[in-house]
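Here's the structure, in structure tokens; my notes come after.
Read-outs: derived from the displayed coordinates by stated rules, not from any lab. Given the structure is predicted, the values throughout are model-derived calculations rather than measurements. Here the Cβ positions follow ideal geometry from the backbone for every residue, glycine too, while neighbour counts run over all protein chains shown.
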Amino acid sequence: MEINKNVNESGSMVDMLINMGPQHPSTHGVFRLVLQLDGELIVDAEPHIGYLHRGSEKLCEAESYSQVVTLFDRLDYVANLNGELAFCMAAEKLLELEIPDRAWYIRTILCELNRIASHMLFYGVYGLDAGAMTPVLYGFRERERIQSLFEQVTGARMMHNYIRIGGVKEDLPSGFENKLYSVIDELDAAIEECDELLTQNEAFLARTKNVSRLPIEDAVNFGVTGPILRSTGLIEDVRISEPYGIYDRFDFGIPIGNTGDCWDRYYVRMQEMRESLSIIKQAMKQIEPGEIQAKMRRIVRPPEGECFVRTESPRGDLGVFLVSDGSQNPYRVKVRAPSFANLQAIKHMLEGVYVADAVVILGSLDIVLGEVDR
Amino acid sequence: MEGTEHKNIVLSEVNQKLLELLPSILNEPDVEYGTKIDEVVLNVPSNLIHPICKTLHLNTELFFDYLRCLSVVDYKDILEINYHLFSYTKRHKMVLKCELNPKKPVISSVSNIWKAANWFERESHDLFGVVFKDHPSLDRLLLPDDFEGNPGLKSYPLHEYKEW
């Protein structure tokens, strides 16, 4: 940490500038936050992003549609499948493809598993942010179960390239059902265990309860979405308000908070994991054998036009704006990354709080810098 | 750029209602109303963008409280700015489109209406060189401050190397 002292004319110290990051473990990547302090209070905070900018949107314009999917893997690198799904849905909307049921069930099961894996990572690192060392061990253990399941299905642990335009790459491997059921049982028990370990912990409550309350109007105005928006008490989930795929076939709830503080943001995610498990269980009951790829041409060439799709990623409202000029490459791809919009609110959230809370507040946003910087 | 007719995706009921409601509330002769796949599309002249956004945000029947996305598309002869709007209370959505001259891309900022626009506008300024008037701090966002050029534009080379 680099510390500069601002001195006024008479030589006494006015306030202090602290550089938090870009190489700071609690920024969850390469993100710099310049804090201006008056004693222990934060007077002003200036976020600096772009350290991980790879120009993904521009790169998409040079790749063919099926190659672009691999770039979407690398945006939100904690929930890769959700990113792949968003782009594939956009291309399918322009192509007017009918996706076979089985492909949708496979996509839904894997995306919900990815949501749990992402929230488990959040659970672990949020414990660390708040000063608890143990949860990260439990969070990673559970995430590992899901990652190894992904490895069996897609062949990769992170960069899957599994969801393809028109369906999925290949069918589920033999014996997947039994393995998934045993993982579900383990996760069911693990979520309870994690809940007991941290949720009502007195020290954790003291660090997070009533810290950085975000009113509902501010959250909406800042474009904050996902668990953070729901923690303010607004019932909003793209899976229910604008259902895509087969989400209208499942019965699940939207957990909400009531004060919008850090603890609510944490607890909404904990409950969301249970809802995701319930969706997976329902999907496993409904899934039937069948086709996994829509009948389409080998070379993807959507007609001229544009479309905007919205999906609910673990971090919020993930949108893809796709413009096609009828050629083999997209004309323009714009990713509406949920972390990008959520992170905007940090300046507002940090003003007037204690510097010790900065790490807890930033952690509660659960940002992924790959998605913020694109 | 007109899209082809989509068979299975049409305007939902709330959005159909919105399309009928909009002309009477906005009452601007220069605005073009249309649809694209499942969304209401408005083409707005660039000098009207701020008053129209203000009406869309404040009018109790429209009440667009959420700016979902702000993006720029470079069509070489025009720069098109897209505002994707949504209303949590009324549950309708629409797209505002605004065409700019690429030689002099200047438009009013909407960041005092939706705070969400702040970073989206900075990003558009950074990558496309669009100037947003009355923006609180229109600096580069993703690229370093001393970077030259606007890499989002089609005129910016994508791969400088030759394939070998």
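Worth a mention:
- Annotation for the range B:40-75 versus the range A:258-325: alpha-carbon center distance of 27 Å.
- Chain A: most fluctuating residue of A:A156, A:A341, A:A91 per GNM, C-alpha cutoff 10 Å: A:A156
- Average beta-carbon neighbours from other chains, 10 Å sphere, peptide B:131-144: 2
- Over 28 Å between alpha carbons, listed pairs A:K93/B:K54; A:K285/B:K90; A:K93/B:K93; A:K93/B:K17; A:K285/B:K93; A:K58/A:K281: A:K93/B:K54; A:K285/B:K90; A:K285/B:K93; A:K58/A:K281
- Other protein chain C-beta atoms within 10 Å of residue C-beta, averaged over A:305-314: 4.
- P(r), alpha carbons of the protein assembly as shown - 20 Å bins starting at zero, rounded %: 21, 56, 22, 1
- Rounded to the nearest 10 degrees, the inclination of helix B:49-58 to the longest alpha-carbon principal axis of chain B is 50 degrees.
- Angle in degrees between helix A:176-194 and the longest Cα principal axis of chain A, rounded to the nearest 10: 20 degrees
- Positive minus negative residues near B:S109 (Lys, Arg vs Asp, Glu; Cβ under 9 Å): -1
- Spin-label zone in the range A:167-181 - amide nitrogen under 11 Å from a point set 7 Å from the Cα of A:M296 along the C-beta vector: A:167-168
- Estimated translational D of the range A:332-374 in µm²/s (Stokes, Kirkwood radius over Cα pairs; 4 °C; 1.567 mPa s): 114 µm²/s
- Normalised radius of gyration (Cα atoms, divided by 2.2 N^0.38 Å) for the range A:235-374: 1.33.
- Acute angle (nearest 10 degrees) that the helix B:117-128 long axis makes with the longest principal axis of chain B, alpha-carbon atoms: 40 degrees
- Potential lengthening between A:Q328 and A:D195 on full extension [0.36 nm per residue; Cα-Cα distance subtracted]: 43.0 nm
- DSSP beta bridges in the protein assembly as shown [antiparallel fraction, %, rounded to 5]: 90 percent
- If you take all other residues with their beta carbon under 14 Å from the beta carbon of B:D146, and give Lys and Arg +1 and Asp and Glu -1, the sum is -3.
- Centroid-to-centroid separation of the range A:59-110 and the range A:205-254 [C-alpha atoms, Å]: 24 Å
- Dividing the Cα radius of gyration of the range A:221-270 by 2.2 N^0.38 Å, with N the residue count, gives 1.18.
- Spacing of the modelled spin labels on A:R54 and B:F63, each 7 Å from Cα toward Cβ, amounts to 4.2 nm.
- Count Lys and Arg as plus one, Asp and Glu as minus one, and take only other residues whose Cβ is under 13 Å from that of A:S118; the net charge is then -3.
- Share of pairwise Cα-Cα distances greater than 18 Å in the range B:13-104 is 41 percent (whole percent).
- Computed from Cα atoms alone, the Kirkwood hydrodynamic radius reported for the range A:56-373 is 20.0 Å.
- Approximate shape of chain B as ellipsoid semi-axes (Cα gyration tensor, √5λ), whole Å, largest first: 30, 20, 14
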